[in-house]
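To keep things clear, I will list the structure first and then write my remarks on it.
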Amino acid sequence: MPEIILENITKMFGKTAAVDHLDLLIHSGDFITLLGPSGCGKTTTLRMIAGLETPTEGKITIGDRVVFSSEDGINIPPNKRDVGFLFQNYALWPHMTVYQNIAFGLENLKWSKPDIESRVAELLALLKIEPFSKRYPSELSGGQQQRVAIARTLAPNPKVLFLDEPLSNLDAKLRLEMRTELKRLHLSTKATFVYVTHDQLEAMTLSTKVCLMKNGIMQQYAPPLEVYSQPANLFAADFVGNPAMNFIDAKAACRPDGSVGLKADSFSGVFMPDEKFKLDCSDVVIGIRPEFIGIHDEFQPGLQGLDATVYSNMPSGMETTVKLKVGETILTSVIFRGVDYPVDKKVGISFLGDDILLFDKESGLKLVSGSLKTE
Amino acid sequence: MAKDQAKAPRMLFGNKVVVFFSKPANVILVVFFVLLCMLTLYPLLTLVSETFTVHAGRESIATGQKRGTLSLYSFKKLLFTLDDGGEQGYKSSTSWIQFYSPLFNTLSVSLLSSFLAILFGGVVAWLVTRTNIRFKKFISAVFVFPYIMPSWTLAMFWSNFFKNVNVGPGTSNGIMAAVFGIMMPEWFVYGFFPISMVLGLHYAPFAYILIGGILRNMDANLEEAASILKTPRWRIVSRITLPIVMPAMLSTLLLVFASTMSAYAVPVFLGSPVRYYVLSTKMMSLMSTYKGQGYIIASVMIIFGVVILAINQSFTGKRKSFTTVTGKSSQISLVNLKKANWPIALILMIVLVLLAILPLVSFALESVIIKAGDYSLSNMTLDFWIGRNLDYLDQGDANGILFSPKVLKALGNSLLLGISCAVIAGTCGVLVGYGIVKRRGTWLSGAVNNLSFFPYLLPSLAFGAIYLAMSGKLPFINGMFALILIGSVKYLPFASRSGINAMLQLSNEIEEAAVIVNVPWWKRMTRIIFPIQKSSFLSGYLLPFVSCMRELSLFTLLVPTSDTLLTTMLMQYSEKGWDQFGNAINLLIIIVVLIINFAVNKLTGASIDKGIGA
């Protein structure tokens, strides 16, 4: 099973770099997501690995074969790279029936007719589209077209599968359904999946590893839960997670006992880092996930906490998002039950757990995680 | 309650009419439906009735009936006189000579030339849109030259270049014979072969524009998807690209077929000298003697046109809908021609120079030599351009064309005609496009759509003939007014096509957003819709202008005198053998058209090749 290695890959469009010196190692059987806002170079990266786009510089290896190298002048065309590609707009051939669309790739591989027939039948069953085999793409709904496109891509049993925002044209319910099926397909085909999306929820739920990109530069490459709890920098912390992380500017000063004294506009506190670290700046940003802000209906003297007022309240049944005003700062909190706080209600809040983060304000890099108590 | 319901329909009818006409799109459609019926269907009926009528002159003498009498004489004479006792059986019969042989010639010329045009235009379109061929900008700019130039340009160039004293009625040698001493055989200089070649080359840019538009709009992912599935390059072209663009290609083929079928100027230049007739030239010669038979030929050409439209329509709306073809195209990866790049680019450049630039050089040359056939420097003069008091030449004009009041007047008239037709047809095209797209799917919209396309299928010459016949009954149709009217109607299809395309690309919400805040209709048109699709709409203005400037056959029957327009003047000069003035005027027309095309393109981004795009 192949392993995909990108070394120093750069793609210039005119004078702007769409992808900037990217190094990436994808293990076989991985489900990798290239995640980032639009224009961050994720689709370009995918197309370069597939061979649909030529990098300006760098080296790409799939398995034990170098498929692109600017130094050695190697550029193997897409049809010789043994990969599958699922396009965002499906790219089904309008003049062929569903059956012909799926069978076309197998004909290219010179499969025998009975083999083709049984393989297509298998895929039609797998994707639950048997009744449509004689129809043309224009006679199918979006979700059905999507399934045909997947069947066509899977037909030749590719070892590596590239998916370019395949779910973005579907409605919310279908998207959820297809997400489940993609994850199952990944397990049953045992292929390597490289998946492009701008939807952080898709990336979180589907992948074994997320490659987060911004302006052509990789920000973090880690399993989704690690990206969530230990984001490498402010961008990663902000991009992943919904509702977004709370960021509070503060002045930091080390104390003799290893803790850090923090002074923000609306409160001051003491931060206990999980591990030893060196603080070489005084301007920091405190990052707190909404679920780590606990709300107490009444301020209890024994519990360390802050006075806050409810700014707005958005219950969704399973959980409730509460916007809180502390001094002049607005914080977002999520609690996992349905509560309907009246606006302007006075409550007490505290910071829970030891996954509170400290970032260097200037470089944006994460410094350390730990717990935070107010003083 | 029941009583109210029974009453309701009658009460509502008046309301329905008011509601119907409160929508500008409906008003536009109704107005244009009526107008187009009057300007296309009524003339058509006139034409049909003329075929059953005895005309003054020979027809009247032959039948012994007064003019205006109803008679089947013309039909019998033209279509059913297959044996009138000639020595060679049917081959010497009237019907064969006057009708069946020209019909056969027309069909074979049209077939070969449209095939050539599609092949040449299609290959260049593919090279420019789908490969990394060099000099793309130059190629696509120069390739449309032959289409912008008057259709007889290449024909004139062909005969300028290849004519020699051995063939046809030629009395002088062309460049090939004079300079290189090569005498080309007659089949190469006049008749079927050169007519097909020249028409094919003239319409190749047209095919290029249409097919290029399709290829540009075709989603490159469709090809990439095949590439990923290990499809060899040739198989992608043959199994994916070609089948997907096939319906559009066929429709292009039919349009080119219809255009070549009604071509007049080229067969005149390259066929008449050796008595090789096609339907259009035959019709023109019959118009002076047997009008009824001429009108029958015009009707036959129109029937062909309508059949072609019907076939074309049956291609659309099939099961294998190709609507996805116009989908969004993301990044297109171009085919790498590798080592073939330079040779292909070079060959194409040479062909383009031969086609687009050499004719201009030849016209410039022919317009400065004093004695035909002698291309030495001592035989050259600029008198035909800027000279004064040239009485010694005895060529109809005493001044070079840039100082001749006659030529300048004609230039003014041509410009006036071109601009008027462009403004009228272009504006109507925008309105028709708006109405048709807004009410898509209704009967009225479909009817206006077909009616507005209909003039395209009427051969220019036949169309001119119809209006000539009509002007007899409606005397206010004369002079410049008649020319502007017929020009506007004839070129409406170009404008309405680009209007429809422009409107189709605009989502409904854009206008609805303005309707919600109560912006009046005319303001929505002028401030929102037109500015957004400016370049598409302007192409709808540019095409009628360019077409009018270089049009001959449409106007030739309707001009008050042959001095009225540059093109008719040119035809007169070349008939009289005043070759230098003729070539100079031809060059003048081409330069004016190219300059205006270029200026409009630079100023607004509109261009010919954006106009018709499928």
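The values are calculated or read from the model by the stated rules, or taken from the named source; none is laboratory data. Just so it is clear, the structure is predicted and the values come from calculations on it, not from any experiment. Backbone-built Cβ (ideal geometry, glycine too); neighbour counts: all protein chains shown.
Key figures for this structure:
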read-out: Residue match in segment A:25-32 (condition: within 14 Å of another protein chain (Cβ to nearest Cβ), of a type in the set (Asp, Glu) and under 25 Å from the mean Cα position of the chain (by Cα)); value: no
read-out: Elements of type helices (runs of 4 or more DSSP H) contained in segment B:42-159, each with 1 or more residues being under 26 Å from the mean Cα position of the chain (by Cα), touching a residue at least 60 places away in the same chain (Cβ under 8 Å) and within 30 Å of B:Ile590 (Cα to Cα); value: B:101-130, B:136-143, B:145-148
read-out: Condition met for A:Leu24 (farther than 14 Å from A:Asp164 by Cβ and touching a helix residue (DSSP H, G or I) at 6+ places or on another chain (Cβ under 6 Å)); value: no
read-out: Selection from segment B:289-312 of residues that are more than 11 Å from B:Ser74 (Cβ to Cβ) and in contact (Cβ under 8 Å) with a residue 40 or more places away in the chain; value: B:Thr289, B:Ala298, B:Val300, B:Met301, B:Ile302, B:Phe304, B:Gly305, B:Val306, B:Ile308, B:Leu309, B:Ile311, B:Asn312
read-out: Single match in B:Met184, B:Met218 (criterion: touching a residue at least 12 places away in the same chain (Cβ under 8 Å) and more than 14 Å from chain A (Cβ to nearest Cβ)); value: B:Met184
read-out: Number of the condition not met by B:Asn166 [criteria: (1) part of a loop (DSSP other than H, G, I, E, B); (2) closer than 21 Å to B:Leu348 by Cα]; value: (2)
read-out: Counted residues, segment A:177-229 - those being part of a strand (DSSP E or B) and more than 13 Å from A:Leu35 (Cα to Cα); value: 2
read-out: Test: residue in segment A:63-81 that is surrounded by 19 or more Cβ atoms within 10 Å (Cβ to Cβ), assigned by TED's automatic domain parsing to the domain that holds A:Ile102 and among the charged types (D, E, K, R); value: yes
read-out: Residue among B:Tyr491, B:Tyr434 that is among the hydroxyl-bearing types (Ser, Thr, Tyr) and either under 27 Å from B:Ser110 (Cα atoms) or surrounded by fewer than 20 Cβ atoms within 10 Å (Cβ to Cβ) (or both); value: B:Tyr491
read-out: Helices (runs of 4 or more DSSP H) wholly inside segment A:36-155 containing at least 3 residues that are away from every other protein chain (no Cβ under 13 Å), free of Cβ contacts under 8 Å to residues at least 12 places away in the same chain and more than 21 Å from A:Tyr195 (Cα to Cα); value: A:113-126
read-out: Qualifying residue in segment B:245-254 (condition: under 30 Å from A:Asn157 (Cβ atoms) and within 14 Å of chain A (Cβ to nearest Cβ)); value: no
read-out: Positions within segment B:262-281 being within 11 Å of B:Asn105 (Cβ to Cβ) and of a type in the set (Val, Ile, Thr), in sequence order; value: B:Val278, B:Thr281
read-out: Helices (runs of 4 or more DSSP H) lying entirely in segment B:453-524 (those with 2 or more residues that are among the hydroxyl-bearing types (Ser, Thr, Tyr)); value: B:460-473, B:479-505
read-out: Considering residues of segment A:179-233 that are small (Gly, Ala, Ser) and out of contact with any strand residue (DSSP E or B) (no Cβ under 7 Å at 6 or more places or on another chain) only, the residue surrounded by the most Cβ atoms within 10 Å (Cβ to Cβ); value: A:Ser229
read-out: Residues located in segment B:457-506, provided they are at pLDDT 80 or above and either assigned by TED's automatic domain parsing to the domain that holds B:Ala263 or of a type in the set (Phe, Trp, Tyr) (or both); value: B:Phe463, B:Tyr467, B:Phe481, B:Tyr491, B:Phe494
read-out: Tally, over segment A:230-252, of residues that are in contact (Cβ under 8 Å) with a residue 12 or more places away in the chain and under 18 Å from A:Gly36 (Cβ atoms); value: 13
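Residue by residue, here is whether (1) more than 14 Å from chain A (Cβ to nearest Cβ); (2) at pLDDT below 75; (3) in contact with a helix residue (DSSP H, G or I) (Cβ under 6 Å, 6 or more places away or on another chain); (4) exposed (fewer than 13 other Cβ atoms within 10 Å of the Cβ) holds:
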{"position": "B:Met283", "(1), (2), (3), (4)": "yes, no, yes, no"}
{"position": "B:Asn341", "(1), (2), (3), (4)": "yes, no, no, no"}
{"position": "B:Val368", "(1), (2), (3), (4)": "yes, no, no, no"}
{"position": "B:Tyr375", "(1), (2), (3), (4)": "yes, yes, no, no"}
